[in-house]
Amino acid sequence: MDTSLDYESAETYFGDRLRLSDNLDIHADHFFPVSLLDKLFHYSEQSRGTERDSLNRTVHRNFHGHDFDRWIDNIIARTKIDIIDDEGTVETADLVDIDALTFNSDHTVTVTLPDETSYTLADSTDHRPLQAAGIEDLSVNLDLSTMFDRPPVDSDSEPYLGFGTIAHIVRVVCEKSGIDPSQTDAVKLSDRIFEHFRNEMLPLIPSLWNDMEHIMHYARPTLTQVRQTTQS
């Protein structure tokens with residue numbers, strides 16, 4: 001039986017899944033703990049207003065959970081999908097441009113645009129029809145490896161202060177606890193770090209936000225089969 005989802009339903013599903021797509025390997029080139037950032041931004045809602053200097057100038061505004069939620073929504077909206085028309089021509093569209101995804105009984109996925117034209121969802125690698133029995137077989141892949149030309153997070157020349165500092169916190173927690181982050185459930189590790197270091201991490205939020213805006217503008221998220229998705 002064919003099942004269809006509108007964009008809003010797909011946005012919610014992919015957004016919830018992206019929030020759990022941690023890479024908490026502190027020795028990875030691209031350290032991006034999404035679930036930890038989610039907790040941190042929502043925790044910051046307990047701080048109100050903006051910080052000001054002695055001349056009453058705004059130093060920076062406080063960030064809240066809705067800022068992170070909006071960032072997730074923007075990443076999902078900008079996710080690239082490859083689609084094939086009836087003549088076999090491959091085009092690229094943004095996920096936000098679709099009206100519906102229909103999961104067919106033969107495991108192909110039909111993409112319907114607002115003008116009611118239909119396409120087949122294609123694999124971004126070989127442009128063959130992508131196979132998915134349902135939305136649970138798809139995921140947004142936020143691969144940062146093609147965007148940052150930068151050293152690993154444990155390098156002294158790490159330019160991304162926010163992520164670099166959180167990577168240091170994770171490293172300390174793991175060393176003290178005897179945890180191998182590459183062999184530990186990422187979400188559980190995020191919970192542990194957040195529990196013990198959330199207040200120390202709050203001042204990092206403006207720096208983290210700058211890094212996240214860079215990601216939002218320059219990363220190229222794609223829609224892939226779950227088995228192909230590399231977490232970042």
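The values are calculated or read from the model by the stated rules, or taken from the named source; none is laboratory data. Worth saying up front: this structure is predicted, and the values here are computed from it rather than measured. Note: areas computed on protein heavy atoms with side chains; ligands, DNA, RNA excluded. Shrake-Rupley method; radii C 1.70, N 1.55, O 1.52, S 1.80 Å.
Quick rundown of the values:
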item	result
Mean separation of Cα contacts under 8 Å, 6 or more apart, over the residue count of region 57-118: relative contact order %	20 percent
Reachable lysines from residue 80, criterion Cα separation under 29 angstrom, eight or more residues apart if same chain	39
Residues whose placed amide H lies under 5 Å from that of residue 100, excluding near-sequence neighbours	112
Accessible area of residue 113 in the full protein assembly, 1.4 Å probe (Å², nearest 10)	30 Å²
Linear extension gain, residue 104 paired with residue 42, 0.36 nm per residue minus alpha-carbon span	18.5 nm
Amide H within-cut-off set for residue 63, under 5 Å, with H built and near neighbours excluded	none
In order through region 119-127: 3J(HN,Hα) via Karplus (6.51 cos²θ - 1.76 cosθ + 1.60), integer Hz, x for Gly, Pro	9, 9, 5, 10, 5, 6, 8, 10, 6
